[in-house]
Every structure is written in structure tokens, then in C-alpha cells.
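**Student:** Mind having a look at this structure? Questions to follow.
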Amino acid sequence: MSGETILAPLVAPLSVGVIGEISGTSVAESEDTQEGTISQEDPGDTNESLDIFINNVVSSFSVRCHLNLKKIAMEGCHVEYKRETGMLNMKIRNPLTTASIWSSGKITVTGARSEIDAKVAARKFARILQKFGFNVRFSNFRIVNVLGTCSLPFTVKIVEFSGKYRENASYEPELHPGVTYKLKSLKATLKIFSTGSITVTAPSVNNVKEAIDHVIPLVAEFKAGEGDISRKILLKEARLLKEKKIRPRTIVCYPDDFDSDDEFDSDDELSDEFSYDDDSDDF
Amino acid sequence: MASTNRRPPMVCCPEHPDSPLVEDYHAGDMICPDCGLVVGDRVVDVGTEWRTFSNEKDTKDPSRVGAAENPLLDGSDLSTMIETGPNLATDEFGKPVYRNRRTMNSADRSLLNAFREINQMGDRLNLPKMIADRASTLFKQVQESKSLKGRSNDAVCAACMYIACRQEGVPRTLKEICAVSKISKKEIGRVFKLILKTLETNVELITTGDFMSRFCSNLGLSTRIQKAATHIARKAVDMYLVPGRSPISVAAAAIYMASQASNEKKTQKEIGDVAGVAEVTIRQAYKLMYPKALDLFPKDFKFDTPIEQLPTQ
């Protein structure tokens, strides 16, 4: 995963049209990784993908019976009972989730990384409560909120973006450093930051995906120009490429003094600057 | 207000026979607006009968019609009251026969309270009456819509004041509004967003230039430095050196840069106190702006400390 942040500027000089073509989507719930990710693959260009990470799925269900919170607090493990709000917090390790339990039998589960995980966790909590002896019936399970994050490979001019989309976007620099963009039809709230990160909260994973699909072409219009990518990132990227001996597809990312026509292993001042071959003493 | 009746027998100005005459109610005159000639007088006067001064020992108010009506804001506020005194109508027990009906609508009472609060806030912020009036109008609109019913009145007052300042083009930072109100910044921010949604209005984005004159005069900096700081802040935002930074932090950093380059140096702490920005925030924004200091200063700026000797943080 760490490699992706460095490779990101590579895909930065995408044209708006290419980004808009991201349509073929596959929801890949990989069991080996902790996070559920959605990879959007552009059918035309196999190297471009925008990863959407689902960070939190909040769900709620009911056990349809009254719970004696005090008893659970005394006898249960990994529980916290807050008397002033009348709520009990219970945590389980796998999947790493927290449940807020009310004495009426309503339970809210937070911290799950995918929709399936949320259901599994909910059932585990119900099982724990069942073992206490309560007459538990698993009912009314529904996903309340899904939080997804995504990192665009370019920085965004949020001032102009918020100026254009006045009805939907709200930017208050004193209150929050990002633009809050609300999509009523999808019931999604997106927060777009000037670094290019986007966080989305929506009622379901599909809504998250659609919201990002909807917003990316709008945001790509306000991409900050090439010169705004910091020199540090560009140099890091050039080093990485040299290590992997990859000829990059695009030349525009290079800093001003980088002579693109030269071969990588030619002996000019350029390779002196970037030399970390064996002849260099520093490395 | 132009007079609408122009009957031929009425007098008209000898030099401008076509111009409508303006009535001056207080002096009872008809005046030609083009040359100022008074062409008719002794029209009935509807102004106040007697002048009342607040320091008169004789507290009896000789006015026979009561206070002016509070327009728009209230509805049925009549200031007529029944007088009670020793030799007026009393029944057997010495109690007055006719009670003074002082009960007003409870809605009006909360409105009046809110208006008083808004006026007090305006006084503390040294704002002109016009902005306080606009804030009061906004409050009345919010009250009518009933959508923010559960929110504390003080929070709504503070948020209305904030919006009014913004709408008039003289924004006050949320921290400044916090300083004159007892509501937290978070709550004011929440109510502010709710009010914008209810009234379906938008406010302009704050810019660095809105705060320059206030911060600089609070710090005692001359206009030369203020102009330089304004220029620096605007260029920094245009050149996209400080993406994602609040305009107030950028303004504070620009003031720091301009003051350090002149002979009226101000520390980051002083600027932070005046602007309501933390010292480290000014430092962060300054670090982003310092590399391009040469481009940021205006062309004709006279440096008392050359750019090379500007502090690096």
C-alpha cells in the first residue's frame, strides 16, 4: 500500500476524459487484507485504478427483549457501563468492533470494515448476549452509515470548486479545512480536501461508490496544475523509477532540470544527481 | 419622498414648473428639488410636539402619542399604559380599579430579549446600528420559520450577528463573535449552517483582505505596512502557496512578514493575540510563504530589514 502513494503522481496527468471513463467497477472484498477495498478499473488503461477504502460501517439491530445492563456490566468481559447515558459499550476482537447496547434491546455496532463484517459482528454480539441468558432474537439488522475514503492523485483548488457549486458545496475555512459536498439523491456527504483526499459517508457501500463516481469529474476540473506538485514528491518518484528501471509513460511530471531524453544510465550530471548505483559511496 | 399630487392650483417652482415638489414634514414646507426654493409653507407638521431630553429632572413625558413603533420586528407593541396614582380610580381597598395590562405576547418577549442581546453584542464589537438591525431582521426571519426552535436563543443571536457582519461585507471572525457571546464556537458554527439552510441564503467566502485593516490598526501598524501585508496575503493565495489554510492564518502570517521587514516589528505572539490565531499556526503558514518572499512583497516596498535577514520561521 505504501507504494501507491508514491506512484500516485505518475497517474496525475490524466485527462478528464480518462477519469470520467472509470465505469467498470468491481467490489472486491479481499479476505486476506483487513480493509475492504473497491478497485475501480478503467477498461481502457490497465494501470490506472482509484482505490476506495471503506473505513467504518455502522449498523444497528435489535434483540427484541429487555436487557439488564447492570448484570452484563458485572459479569461480562470487555464492557464499559456509562450510567449517565444508560449505555453499555462492549468490544470484540475479531472483527474489531464496538457495540453500544441500550437496555431496550437496541444495539449499534461500529468499527466494522465491510458490510459482511458488520453482520458477522452483530451476530457475535447477539450470541454473547444470548449466552448471558437473555431471550435474544436477531432482528431488524440494517446498515446505518458507511464511511469511505479515497485519495485523488492531484491536489484540488477548493476555493474555486466551492465557488462554482454553491448549492451543494459549503466551504467554511474557519470551521473545517475541507469542502462539504452534499448529494441529496444518494444521501451522501463528501468532504473534499485541498490535498486531494476525499471522505464519503453514505447509507451503503454502493452509494459511496456512486458518490465518488459522480464527484470525480467535477473535481478534476479544478485540478491544481503540474507545477503545484511539490518537488519532493517528484524527486521521490524519479528515484523509485530508476530503481525499478522503469521508463515512465509520461514525461510531464519531471522537475525542470531533469533531462528526459537521456538514458538513465548515461554519465551526465543528471545521473550524478540521481546516482545510487554501487559506485556511489553514500548509499 | 416625492409628492404625488400635482394639482394645477398648487404652487410650483417658478423656474422648474415640471419638477415634483418635495414635502418636508417637520418644517411644513414644499421644496423644489432642483433649486431648493421653498414654495409653500405652513403645511401641518407631524413631527414631535416637544423635545424631550433624557436628563430632565421632570420625568413627565409631555408627548401624547408614545414611542415610535418598532417597525418590521415587532407586531403589536403599543406603549400605551394606564396611569395609576393616588387620586385616580380606586375601589374600597385602595386597589386601582383599572389594571395596567402589561402582559405582552411571550413570543414578542423572547424577540425583545433577543434584540436587546444583539444590540449589546453590537456595542461590544463596536458595530454600527445598521448591522445590529440586519441581525435582528435575520433573527425574526429565523423565529418565524420555527425550524431552529430547540436551539438556545443566544446561539441564534450570535449566529445572526455573524451572518449580518458577513453580508454587510465586514466579516468578523468566529472567535471575535465568541468573545462577546457566551456560546461556544462549535455551537455557533452549527447554528450558522442551520440558519443558512433555513433561510436559503449564501454568504461570500472570507478573504484575507477583509481583516487587514482591523488587525493592523489593533497592532498599531502604519498604513504602508498594512498595504504591504494585504498585497502579500493576496499574492500568497493566488500563487497557491498556502492551500487549505484558513484566510485568517494567512493574513496573520502576511502581517508578520510585512512587519518583520519594516521597522515596526511585531512578534508572532502579539499578532496571534490580535487575530485569535495560535502562534504555531502563524509559524506554519509563514514557513510556506517564506521561500517565495521576494515575489510576495509589493514592488515599491521599502525594506528596513532586507529579505535575506527575514526570520526563517
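**Student:** How far is it, in nm, from the label point at B:Lys182 to the one at A:Lys70 when both lie 7 Å from their Cα along the line to the Cβ?
**Tutor:** 3.7 nm
**Student:** Kindly give Rg over Rh for the range B:222-313, based on alpha-carbon atoms, with the Kirkwood expression for the hydrodynamic radius. Kindly include the intermediate steps, with their values, before the conclusion.
**Tutor:** Values: Rg = 11.6 Å, Rh = 12.7 Å.
My calculation puts Rg/Rh at 0.91.
**Student:** Cut-off is 10 Å between beta-carbons; in what order do A:Phe132, A:Phe161 appear when sorted fewest neighbours first? Each step should come with its number before you reach the end.
**Tutor:** Values: A:Phe132 13, A:Phe161 20.
Lowest to highest Cβ neighbour count: A:Phe132, A:Phe161.
**Student:** Take the Cα atoms of the range A:56-158, build their convex hull, and give its volume per residue in Å³. Display every interim value, and only then the final one.
**Tutor:** Numbers: hull volume 12.8 nm³, N = 103.
Convex hull volume per residue, Cα atoms: 124 Å³.
**Student:** Between B:Thr305 and A:His176, what FRET efficiency comes out of the Förster formula 1/(1 + (r/R0)^6) with R0 = 35 Å and r the beta carbon distance, rounded to 0.05?
**Tutor:** Working: r = 37 Å, r/R0 = 1.04.
Approximately 0.45, to the nearest 0.05.
**Student:** Hey, rough spin-label estimate for B:Arg116 and B:Lys146, points 7 angstrom out along Cα→Cβ, what's it come to in nanometres?
**Tutor:** Each label point lies 7 Å from its Cα, and together they span 2.6 nm.
**Student:** If the reach is capped at under 23 angstrom between alpha carbons, list the lysines near A:Lys70, excluding any in the same chain fewer than eight residues apart.
**Tutor:** A:Lys82, A:Lys91, A:Lys106, A:Lys124, A:Lys131
**Student:** For labels at B:Lys95 and A:Ser151 in the simple 7 Å Cα→Cβ model, what's the distance in nm?
**Tutor:** In this crude spin-label approximation the distance works out to 7.9 nm.
**Student:** Could you tell me the calculated FRET efficiency between B:Ala27 and A:Glu84, based on Cβ-Cβ distance and R0 = 60 angstrom, to the nearest 0.05?
**Tutor:** Efficiency, rounded to the nearest 0.05: 0.30.
**Student:** Where does each of B:188-195, B:296-303, A:123-130 land if you order them by average Cβ count within 10 Å, highest first? Walk me through the numbers before you get to the answer.
**Tutor:** On the way: B:188-195: 19.8, B:296-303: 14.1, A:123-130: 17.6.
Taking the mean over residues of other Cβ atoms within 10 Å, the ranking is B:188-195, A:123-130, B:296-303.
**Student:** Still on this model: Taking 0.36 nm per residue of separation and subtracting the Cα-Cα distance, what length does fully extending A:Ser139 through A:Arg123 add?
**Tutor:** Working: separation 16, 0.36 × 16 = 5.76 nm, distance 1.01 nm.
The A:Ser139-A:Arg123 span can extend by a further 4.7 nm.
**Student:** For A:Glu167, what charge total do you get from the other residues with a beta carbon under 13 Å from its beta carbon, if Lys and Arg give +1 and Asp and Glu give -1? Present the calculation step by step, with values, prior to reporting the outcome.
**Tutor:** Details: positive: A:Lys164, A:Arg166, A:Lys182, A:Lys184, B:Lys197; negative: B:Glu200.
In short, +4.
No value in this document is a laboratory result; all are computed from the given coordinates. These numbers were taken from a predicted model, which means no experiment stands behind them. Counting neighbours? That spans all protein chains shown, and the Cβs are built from the backbone with ideal geometry, glycine included.
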